[in-house]
1. So what's the angle, to the nearest 10 degrees on a 0 to 90 scale, between helix 28-38 and the longest Cα principal axis of the chain?
2. Give the lysines whose C-alpha is closer than 20 Å to that of Lys67, dropping any in the same chain fewer than 8 places away, or say none.
3. Please report, in debye to the nearest 20, how large the charge dipole of the stretch 202-288 is about its Cα centre when each Lys and Arg carries +1 at its beta carbon and each Asp and Glu carries -1 there.
4. Apply the Debye scattering formula to the stretch 23-72, with a single equal point scatterer on each alpha-carbon and no solvent, then give log10 I(q)/I(0) at q = 0.16, 0.26 Å⁻¹.
5. Mind checking the full-extension length gain between Ala224 and Thr288? Use 0.36 nm per residue of separation minus the Cα-Cα distance, one decimal, nm.
6. Using Cα atoms only, what is the angle between the long axis of helix 203-219 and the major principal axis of the chain, expressed in degrees (0 to 90) to the nearest 10?
7. Over what distance in Å are the Cα centres of the stretch 221-245 and the stretch 164-194 separated?
8. Among [x] 57, 46, 38; [y] 50, 46, 43; [z] 55, 50, 43, which is the computed Cα extents along the principal axes in Å?
Amino acid sequence: MTSPTIDQPSQTTTPTVPARVGVLGGGRMGAGIAHAFLTNGAEVVVVERDEPSARAAGNRVTRDIEKSLAREAIPGELADWTSQLTVSTEHAAFTGCDLVVEAVPEDWGLKCDSLRSIERHTGEQTWIASNTSSLSIDGLADELARPDRFIGLHFFNPVPASKLVEVVIGARTSPQLEQAALGWVSAIGKTPVVVHDAPGFASSRLGVAIALEAIRMVEEGVAAPRDIDNAMVLGYKFPVGPLELTDIVGLDVRLGIAEYLESRLGPRFAPPQLMREMVARGELGRKTGKGFYTYTD
């Protein structure tokens, strides 16, 4: 039996990245997005909220570049790449960007404020994308004067290693932008999947559903976390189990997504009490050193 093939978007020309790309938010996801465009030929501007955050963002991107150089995934010297990176605390630094990707935390009010600010500080020719993992692209587009120039680009953590980008099409996203986005994703060496705007899109909706059921199984004493994860890795060929993946994503992030999906799709996405208790205790997963597993790195 042969494996099914993955359809690739048709391209009449070789896909290229935009010449100048902005990223709002330099956390783990934003730094990864910056790295992806930077190492594929774009000049990149990362904007953070204050100087300490900006320094941390620059360090994250630099570390990712160093890892790519060590793997010989990219040629040249570190300075060749960092010379194409600008880190700032001013949204005005986005002036002249062809594309700006918003990558701030998954908070509706923060997303809206951020997108409006990006639009104010860029020209009419700038494309704007959100890295939201679940929030409505159409709802976010309502906040913009040019909703036809807005799209969802949902990258996956860790961005440098992930091969997937979910391209989320809003009701007012222009066909030109959709085709351009497919080209950008291909140009940075990743595979796009096209999803029309719906709560949780495809990946978050399915991924969170599996994770919530796995957490309920822990809560009910059905099996230990490692055994649940091994069942999915060995039995269903998941690359990583749903509980370990929840630790990687962050329990707080997945709790926020689950609450949003519950509000839109009903009680089947209600977060388990165990999940709420772990978040309240600060057991958020890998980033805090403890979640369903304990981390010492």
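The values are calculated or read from the model by the stated rules, or taken from the named source; none is laboratory data. Computed from a predicted model, the values in this text were never measured in an experiment. FYI the Cβ positions are ideal-geometry reconstructions off the backbone, even for glycines, and counts take in every protein chain you see. We work out accessible area using only protein heavy atoms, side chains counted, and drop any ligands, DNA or RNA first. Shrake-Rupley method; radii C 1.70, N 1.55, O 1.52, S 1.80 Å.
1. The angle comes out at about 40 degrees.
2. Within reach: Lys163, Lys190, Lys287.
3. 260
4. -0.39, -0.93
5. Details: separation 64, 0.36 × 64 = 23.04 nm, distance 2.08 nm.
Length difference between fully extended and current span is 21.0 nm.
6. It works out to around 30 degrees.
7. 31
8. Here Cα extents along the principal axes in Å agrees with entry [z].
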